[in-house]
Amino acid sequence: MKVLAACLMEKGAENLKKEASSRLQTVILDVTDSGSVSSAAKWATDIVGDAGLWGLVNNAGIGVPMAPNAWQTKADFAKILDVNLLGPFDVTVNLLPLIMKARGRIVNVSSCCGRLAVVGGGYCPSKFGVEALSDSLRRELRDFGVKVSIIEPGGFKTQILLLELHLKAVEHLWSNLPSQIKDYYGEHYYQKYVDNMTDQLAKSNPRLYYVIDCMEHALTAVHPWTRYSPGLDGKLFYIPVSYLPTVLSDYLLCRSLPKPAYHLR
């Protein structure tokens, strides 16, 4: 296969080329910049020509900050939505003529957090949005012969779950909160939240090939699946709990949350 790999930075592109064959070509792409997206689409068009583009994998994503919604600002949400939802939309629409020409595949990387909102911030809303975008694209494009798959990984040990980044972001949010909000939550809540986050991120799965295998199947199988759920946490917890009555899912998710200083007794 000829692979066109979009990288955010030159260093990433250089490292990738060292690991791959000459069939891989790279382009620098910032999915939040429409000019960059348009330029990358033109670059891809020049390479594939009349053959079109067989597969598009939308994998760009960020997760910081993950913290209670009341600690965050509109800008915190917008930053994540721009990368995780609006970026993939922009890339897909720009490359869609090539994909339709090849009757190819679109593979969108969502998350188990696109099925169950387990943390505050823009990450879960962005992944719920990826689910909705993917569902609408799948229905729109089926008569064009284009197949759309969604990958919903559990927690995997990638940069998106790097503990140091999350701790730094939560500390920054907490230190900049208005004193009244801080008093409502209390220092104990903050410390317990940090402890819970540390425990959860430590359990992330190092077997990244589970996710890559799903991407490969979605791109190459005669009958690709609509949804893939790599990771036991997704299969055994997130997805089953997402089907429970709300009162039960709320109980399961809230029982481990820290209690604020000001709460109903």
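The values are calculated or read from the model by the stated rules, or taken from the named source; none is laboratory data. As the structure is a computational prediction, the values presented were derived from the model and not from experiment. Neighbour counts run over all protein chains shown; Cβ positions are idealised from the backbone, glycine included. The area values use the complete protein model at the heavy-atom level, side chains included, leaving out ligands, DNA and RNA. Shrake-Rupley method; radii C 1.70, N 1.55, O 1.52, S 1.80 Å.
A few remarks follow.
- Here the gap between Leu163 and Arg103, fully extended at 0.36 nm per residue and compared with their Cα-Cα distance, gives a gain of 17.5 nm.
- Karplus-derived HN-Hα couplings along segment 246-260 (A = 6.51, B = -1.76, C = 1.60, θ = phi - 60°), whole Hz, x at Gly and Pro: 4, 4, 6, 5, 4, 4, 5, 7, 8, 5, 9, 6, x, 8, x
- Average accessible area per residue (Å²) across the chain - probe 1.4 Å, nucleic acids and ligands excluded: 57 Å²
- Distant-in-sequence amide H partners of Val3 (H built 1.01 Å from N, under 5 Å): Leu24, Gln25
- Alpha-carbon centroid distance for the pair segment 1-45 / segment 192-238, whole angstrom: 24 Å
- Note on Lys168: lysines with a C-alpha under 21 Å away, same-chain residues under 8 apart excluded, are Lys74, Lys79, Lys157, Lys182, Lys192, Lys203.
- Correct choice for Cα Rg over 2.2 N^0.38 Å that was computed from the model, options (1) 1.09; (2) 0.93; (3) 1.03: (1)
- Residues in segment 64-72 carry Karplus couplings, in order, of 9, x, 10, 6, x, 4, 5, 8, 10 Hz; the curve used is 6.51 cos²θ - 1.76 cosθ + 1.60 with θ = phi - 60°, and Gly or Pro positions show x.
- Options Met1, Val64, Val48, ranked by Cα towards positive dipole end of segment 1-96, top entry (Cβ charges): Met1
- Phi-derived couplings, Karplus 6.51 cos²θ - 1.76 cosθ + 1.60 at θ = phi - 60°, listed residue by residue for segment 146-158: 9, 9, 10, 10, 10, 10, 10, x, x, x, 10, 7, 10 Hz, with x used for Gly and Pro.
- 5 angstrom amide H check on Ser149, placed H, neighbours 5+ away: Ile106, Val107, Asn108
- Across the accessible surface of segment 61-139, with the other protein chains kept in place and a 1.4 Å probe, carbon and sulfur atoms take up 64 percent.
- Accessible surface ranking that places the most exposed of Cys112, Cys254 first, with a 1.4 angstrom probe: Cys254, Cys112
- Spin-label pair Lys235/Asp250, simplified geometry with 7 Å Cα→Cβ offset, distance in nm: 3.2 nm
- Only protein heavy atoms count here; on that basis, with a 1.4 Å probe, Val48 has an accessible area of about 30 Å².
- Inter-probe distance in nm under a simple model that places probes 7 Å from Cα toward Cβ, at Arg23 and Asn69: 4.6 nm
- Amide proton proximity set for Arg115, modelled H, under 5 Å, gap of 5+: none
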